[in-house]
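Have a look at the structure below, then the notes.
Just so it is clear, none of the values below were taken in a lab; they were calculated from the coordinates. Quick caveat: nothing in here was measured; it's all calculated off a predicted structure. Cβ coordinates were reconstructed from backbone atoms using ideal geometry, including for glycine residues, and neighbour counts include every protein chain displayed.
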Amino acid sequence: MTHDLTDVDPFDLPEWLGEGDVTWETTAGLRSGHHVTGRLCGAGQEVPCDLLAIDEAYPAPVAADDVRSRAHQAWQHGQILLVAEGDRLTLAVPARDFDAELVLDALERLAKAVGASPEHYAARLRIGRDRR
């Protein structure tokens, strides 16, 4: 299933993401696969924010070739491709699945994209598998 993704400009995101402490927390286990749901929380607010490992291709590619290419290009330059699936901000990460180190790397790139210091970003991870 290919995800229907649209580009997101970091300047269109809420200002509080670049102004204070922000925590990304999973709502699904990190080991649940190529799509980990979560949310960014801070300043008494929250924004749905997922991680999508765009290189997963079985049983079908999860992202179109142009999205994969742009995600890899951004990553190569120390950036991250921000997309949306519906109303959910999604970080397109060149990978097939996630571990803690990759999550932290993606969040650091998000912090930089919104003009924040990575020291103001934290992660709260669930380590299990989603039991759908």
Item to check | Principal-axis tilt of helix 100-113 within the chain, Cα atoms, nearest 10 degrees | outcome: 60 degrees
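If each residue of separation counts as 0.36 nm, what is the full-extension length gain between residue 85 and residue 45 once their alpha-carbon separation is subtracted? Numbers along the way, then the final one.
Values: separation 40, 0.36 × 40 = 14.40 nm, distance 2.00 nm.
Between residue 85 and residue 45, full extension yields 12.4 nm more.
All other residues with a Cβ under 15 Å from the Cβ of residue 12 taken together, and with Lys, Arg as +1 and Asp, Glu as -1, what is their net charge? Write down the numbers at each step before the final one.
Details: positive: 88; negative: 7, 9, 15, 87.
Taking every Cβ under 15 Å from that of residue 12, the sum is -3.
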Item to check | Mean Cβ neighbour count within 10 Å, used as a protection proxy, ranking 107-113, 49-55 highest first | outcome: 49-55, 107-113
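Length gain on complete extension for the stretch residue 25 to residue 7, per 0.36 nm per residue less the alpha carbon to alpha carbon distance?
Details: separation 18, 0.36 × 18 = 6.48 nm, distance 2.23 nm.
That works out to 4.2 nm of additional length.
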Checklist outcome for this item: Tilt, helix 65-76 to longest principal axis of the chain (alpha-carbon atoms), in degrees rounded to tens, equals 50 degrees
Next on the checklist: Can you match Rg/Rh (Cα atoms, Kirkwood Rh) to one of these, (1) 0.96; (2) 0.93; (3) 0.99, based on a calculation from the structure here?
Outcome noted: (2)
Item to check | Fully extended contour minus Cα-Cα distance, from residue 72 to residue 57, at 0.36 nm per residue | outcome: 3.9 nm
Next on the checklist: Could you check the spin-label model distance between residue 129 and residue 102? Points 7 Å from the Cα along Cα→Cβ, value in nm.
Outcome noted: 1.6 nm
Checklist outcome for this item: Taking every other residue with Cβ under 10 Å from the Cβ of residue 47 and scoring Lys and Arg +1, Asp and Glu -1, one gets 0
Checklist outcome for this item: Other residues with Cβ under 12 Å from the Cβ of residue 56 give, with Lys and Arg +1 and Asp and Glu -1, a net charge of 0
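With both bridge residues required to lie in the chain, what share of the DSSP beta bridges run antiparallel, to the nearest 5%?
Values: 17 of 26 bridges.
Around 65 percent of the beta bridges assigned by DSSP in the chain are antiparallel ones.
Tell me what the chain gives for mean residue ellipticity at 222 nm when only DSSP H runs of n ≥ 4 count, each as -39,500 (n - 2.57), the sum divided by the residue total, rounded to 500 deg cm²/dmol. All intermediate terms of the calculation are to be shown ahead of the outcome.
Details: 2 runs with 26 residues, N = 132.
It lands at -6000 deg cm²/dmol.
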Next on the checklist: To the nearest 20 Debye, how big is the dipole of the stretch 1-118 about its Cα centre, given +1 on the beta carbon of each Lys and Arg and -1 on that of each Asp and Glu?
Outcome noted: 200 debye
